[in-house]
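Participant: What follows is a single structure, and I will ask about it in a moment.
The values are calculated or read from the model by the stated rules, or taken from the named source; none is laboratory data. None of the values given here were measured: they were computed from a predicted structure. Cβ sites come from the backbone with ideal geometry, for glycine too, and all protein chains shown count toward neighbours. Surface accessibility is based on the protein's heavy atoms, side chains included, excluding ligands, DNA and RNA. Shrake-Rupley method; radii C 1.70, N 1.55, O 1.52, S 1.80 Å.
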Amino acid sequence: MAADAVDRKKIVGAALAAPTFLFLLVFFLIPTGLLFVYSFWLAKSFALIPALSLDNYTRALSSWGFYALTLSGLKNGFWTAAFSVVLSFPAAYYIVYRTRGNLLFYIILVSWFSSYLVRIYAWRVILGSNGLINTTLIQLGLISQPLEILLFSPFATILTLVHIMLPFTLLLLVSSLRDVKAEYIEAAKDLGASQFEVFRKVILPMSYKGLVGAFMFTFVLAAGDYVTPQFLGGRDGMTTGIMISNQFRSSGNWPFGAAMAFLLLATFLVVYFLFVQLLNLLKLAPGRRFHD
Amino acid sequence: MTTPPIVELYGVTKSFGAFTVLNDIDLKIADGEILTLLGPSGCGKTTLMRIVAGFEQSTHGRVLLRGVDVSNQPPERRPVNMVFQRYALFPHLDVFDNVAFGLRLKKKSKSEIKKTVTHMLELVQLGEYANRWITELSGGQAQRVALARALVNEPSVLLLDEPLAALDLKIRHHMLAELKRIHVETGTTFIYVTHDQDEATILSDRIVLMNKGAIEQIGTPEEMYARPQSLFCAKFLGETNILSGSVISAEGDTTYVDIGAGAAKVAMNGVPVGSQVSLAVRPEAIRLDKVREVAGKENFNFVDGVIQDVVFMGSRVVYNIRTPINLIKYQETRPVHGISLERGDEVRASWAADAAVLLTH
Amino acid sequence: MLRAYIWIYVAFLYAPMAIITLFSFHSSPSLTFPFEGFSLRWYEKIFSDANFMHSLWNSVIVGAAAAAVTTVLGSLAALGLARMKGKTKAVFGLLAFAPVGLPGLFLGISLVILYAQIGLPRSLFTIVIAHVLFTIPFFIETMRSRVEYFDLGLEEAARDLGAGPLRTFWLVTLPIIAPTIAGAAILAFALSFDEFIITVFVSGNETTLPLLIWSMMRRAVSPDINAASVLSLSLSIGLILIGGLIVWYQRRKAIGSRA
């Protein structure tokens, strides 16, 4: 008797996915494993010594600088994610419930494909001391000295990261709001819910996972970004991401960089856990309620 | 049957792990008939059809088409074609190309394809629609294209998997008539899967009633309706009044059953005294009288009750009667001079001894 | 009010690009208003710059190669995913999305270590591998929604009408998902064309357009960066629009051919 149709389907599925699996194994899983192994190695005068040492981790964790840099990266991530979600939510709402076609959605997504670097560069042109804002303000006589705070500051970094992440956050929000069908909202209104109550009691709980997902994705990608703070953050803009990337450039200490990368990853996980716990604590998360 | 069967199933069994979907099905289908696989969802009717089509393999058993064992042949090599529940029309092809799909695979000549497809589209009354895009068709039109796409290959058997389920009521009745006409014109054997008893009785030469992976009863629609062999069959086809009780005695061709509101006489034999049985009486076989007009007249086959409601259904009227043993339904064609009985009337429901069917399971 | 908001939102997204575009045509090197007049001098400058042309060409080659590899791998994987069930599906789906769930930095440094470990010299080839890793998740996600909703009944219908498994794929599955594949391939090209974060680590001595723009940016604010940026922008945005047009045109052609 021939193999069952269901089994056959599964086998065909696995066979089709095999090349991609192999690719991801060789160029994603194994390298990540190698990175982890490297984080226990030692680097002595440009030579790598295979070892099983925690030196790199203790070195990072025992320096106050590491904490400061990590904190500054997390701050970038947090504010970027917060602004991106808050600013994109109304737009996502509008796209899902108020428009019929997808034109507006596409217009916004297309901007996502405008080069990442060009956007960083553009903000530098706009925010710089000889930049558009400062010169315009001076020409208008509103200020006499260029506002130095605009460029090379956390403000510049976060503004640019928000600009970069907005379409991505919007994409995630739109796809999670698409699960909240308009009928649910109509039903809630029919039962007497106000606009705010609809949001609080229907949209928020139903799109909760998508919202948290959008926030966390934006957070991780922004906190791990090293180019924007390096280029726009100025002296105080140094982050762990920049530190790590520097270790992998010329004359860097790869094992130390690898260890910091895993510490950063661990930090992301802790932040995610704390964030979810916080939402639970504030009773913002949907879940079982006891009706007594 | 004089002609040899076109489809033969022997011991067809299908199980997924410990769960048995089809249990030891034997079935012979005659050339040119319309056979319906009828049953509630999950009874295995669709799986059985898919085994005939070749989309599923049976765990045990054999499938023969025109006497040839096709059990191990893939669907593309079996001389059967299917009309899918949601049509499965190819969205990247127009109506003509959809219908021509099978002929092109058989490497038929261009002129022959043109001729055959055009003829087939005319048969399903879509001659004007050859160049239409699939997305521009209504549900009924899409159904016709699906039918033409399958029939154009001149299959030994046409399989129809709940083909009318997605259509609304009016079009469904129209399509049933169309299916009958097309069946007459082509003479193709139809195997039709449905859970709708109306479709089955209107369309079929024979009905195969299925339940829990097994065949419950096979017969013509009239046989199935008039002589159900099981409680399941009696309940599934049409409406019926079920009176349960036990056999108290049997004399010749008559069996007496205690139904809790007196005794009932049934023209049937062979059921031992003491057996738990059910009587099935169709609503239209009931006679209804006002109690005070008939009191004391009868000894058997009646139950007294009160009319609970009267349901007007166009050409007929249904009365629901609350009795001590069961809710009894009585049905009559709408009286020309209005309805004489009304809610609250005390009535006697009675029936003839040969109108009831005695069911032992 | 929401309507007004959304247009401000869109304006915010496009304003910086609009400003860069405007100043790329500025006749003076100044990046401030008042605008002194239009000129193509910055474009002439970069087009006569061999470095720029070389980087542009490299980016095109890398983008095309990465898109081709991603299209083959990703299409198969998306079709495979649709046939998987339960845990296998969840695990593979997660794995296929994971590379973009991490900051690009991680992918970059992991690949650097891999290449060093197996002694693979950094070249355009190593860039292509990195880009495939980065574009595959987007490709699969784009394909997935189309493939998940693909009516497997269509494949059964083709089998029923006499087509074997391969012919079914060729005559039914592929034509139906082709526009989505084309769109996703263009997406992959555009993503690769703009990729910078990972590329920095795996490029060796090769330069792509984003790497060149980066080195220009680090030197000084100079107006020819505007021109280079605008070219890079218009190439990727232009491609995305062309992708959209292909899909739209196919639909038009489909409707038009009924005649």
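Participant: Considering the range B:76-87 alone, what residues qualify as being modelled with pLDDT under 90 and not polar (S, T, N, Q)?
Facilitator: Once the filter is applied, which keeps residues that are modelled with pLDDT under 90 and not polar (S, T, N, Q), the range B:76-87 yields B:86, B:87.
Participant: Out of everything in the range C:126-145 that is farther than 13 Å from residue C:192 by Cβ and in contact (Cβ under 8 Å) with a residue 60 or more places away in the chain, what residue ends up being surrounded by the most Cβ atoms within 10 Å (Cβ to Cβ)?
Facilitator: The qualifying residue surrounded by the most Cβ atoms within 10 Å (Cβ to Cβ) is C:140.
Participant: Of the residues in the range B:31-87, how many are touching a Gly at 6+ places or on another chain (Cβ under 6 Å), part of a helix (DSSP H, G or I) and within 12 Å of chain C (Cβ to nearest Cβ)?
Facilitator: Total meeting the criteria: 2.
Participant: Same structure, new question: Considering each residue of the range A:129-141, count those that are more than 7 Å from chain C (Cβ to nearest Cβ) and modelled with pLDDT of 80 or more, and give that number.
Facilitator: Adding up the residues that qualify gives 7.
Participant: Sticking with this one: Does the range B:147-155 include one or more residues that are more than 13 Å from chain C (Cβ to nearest Cβ), open to solvent by 20 Å² or more (accessible area, probe 1.4 Å) and out of contact with any helix residue (DSSP H, G or I) (no Cβ under 6 Å at 6 or more places or on another chain)?
Facilitator: Scanning the range B:147-155 turns up no residue that is more than 13 Å from chain C (Cβ to nearest Cβ), open to solvent by 20 Å² or more (accessible area, probe 1.4 Å) and out of contact with any helix residue (DSSP H, G or I) (no Cβ under 6 Å at 6 or more places or on another chain).
Participant: May I ask you to say which residue of A:71, A:48, A:22, A:16 is over 25 Å from the mean Cα position of the chain (by Cα), over 24 Å from residue C:112 (Cβ atoms) and open to solvent by 30 Å² or more (accessible area, probe 1.4 Å)?
Facilitator: Every option except A:16 fails the conditions.
Participant: Applying the selection to the range C:156-191, what residues are of a type in the set (A, V, I, L, M, F, W, C) and under 16 Å from residue B:90 (Cβ atoms)?
Facilitator: C:157, C:158, C:161, C:163, C:169, C:170, C:171, C:172, C:174, C:176, C:177, C:178
Participant: Taking the options C:136, C:181, name whichever one is of a type in the set (A, V, I, L, M, F, W, C), facing another protein chain (nearest Cβ under 7 Å) and under 30 Å from residue A:8 (Cβ atoms).
Facilitator: C:136
Participant: Here is a follow-up. Spot the failing condition for residue C:1; the list is (1) away from chain A (no Cβ under 14 Å); (2) modelled with pLDDT under 90, and only one is missed.
Facilitator: Every condition holds for residue C:1 apart from (1).
Participant: Which of the numbered conditions does residue A:144 fail, given that it passes all the others? Conditions: (1) assigned to a helix (DSSP H, G or I); (2) open to solvent by 60 Å² or more (accessible area, probe 1.4 Å).
Facilitator: (1)
Participant: Give the number of residues within the range B:1-23 that are out of contact with any His (no Cβ under 8 Å at 6 or more places or on another chain) and touching a residue at least 12 places away in the same chain (Cβ under 8 Å).
Facilitator: Adding up the residues that qualify gives 15.
Participant: Tell me yes or no: at least one residue of the range B:337-348 is closer than 21 Å to residue B:279 by Cβ, open to solvent by 40 Å² or more (accessible area, probe 1.4 Å) and within 33 Å of the chain's Cα centre (by Cα).
Facilitator: Within the range B:337-348 (the criterion being closer than 21 Å to residue B:279 by Cβ, open to solvent by 40 Å² or more (accessible area, probe 1.4 Å) and within 33 Å of the chain's Cα centre (by Cα)), the answer is no, since none of the residues qualifies.
Participant: Give just the number: which of (1) open to solvent by 10 Å² or more (accessible area, probe 1.4 Å); (2) closer than 17 Å to residue B:54 by Cα does residue B:180 not satisfy?
Facilitator: (2)
Participant: Report those helices (runs of 4 or more DSSP H) wholly inside the range A:147-223 carrying at least 3 residues which are within 14 Å of chain C (Cβ to nearest Cβ).
Facilitator: In the range A:147-223, the matching helices (runs of 4 or more DSSP H) lie at A:154-177, A:208-223.
Participant: So, one more: Whether any residue in the range C:87-101 is of a type in the set (Ser, Thr, Tyr) and surrounded by fewer than 19 Cβ atoms within 10 Å (Cβ to Cβ) is what I want to check.
Facilitator: Yes: one or more hits.
Participant: Got a number for residues in the range A:246-272 being under 17 Å from residue C:102 (Cβ atoms) and either part of a helix (DSSP H, G or I) or among the acidic types (Asp, Glu) (or both)?
Facilitator: Adding up the residues that qualify gives 16.
Participant: Scan the range B:217-226 and tell me whether some residue there is open to solvent by less than 60 Å² (accessible area, probe 1.4 Å) and under 22 Å from residue B:58 (Cα atoms).
Facilitator: yes
Participant: Return the only residue of C:39, C:55, C:24, C:30 being closer than 26 Å to residue C:131 by Cα and small (Gly, Ala, Ser).
Facilitator: C:55
Participant: Next question. I want to confirm something. Restricting to the range B:202-216 and keeping residues that are under 16 Å from residue B:20 (Cβ atoms) and either assigned to a loop (DSSP other than H, G, I, E, B) or not assigned by TED's automatic domain parsing to the domain that holds residue B:24 (or both), which single residue is most open to solvent (accessible area, probe 1.4 Å)?
Facilitator: Out of the qualifying residues, it is B:212.
Participant: Another question about this same structure. Tell me the residue from A:249, A:235 that is away from chain C (no Cβ under 11 Å) and either open to solvent by 50 Å² or more (accessible area, probe 1.4 Å) or at pLDDT 90 or above (or both), please.
Facilitator: A:235
To keep it simple, each residue is scored yes or no on (1) outside any loop (DSSP other than H, G, I, E, B); (2) among the polar types (S, T, N, Q).
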position: C:146; (1), (2): yes, no
position: C:154; (1), (2): yes, no
position: C:157; (1), (2): yes, no
position: C:172; (1), (2): yes, no
position: C:175; (1), (2): yes, no
position: C:196; (1), (2): no, no
position: C:218; (1), (2): yes, no
position: C:232; (1), (2): yes, yes
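Participant: I've got another one for you. Scan the range B:233-269 for residues that are open to solvent by less than 10 Å² (accessible area, probe 1.4 Å) and part of a loop (DSSP other than H, G, I, E, B) and jot them down.
Facilitator: Correct list: B:237, B:259.
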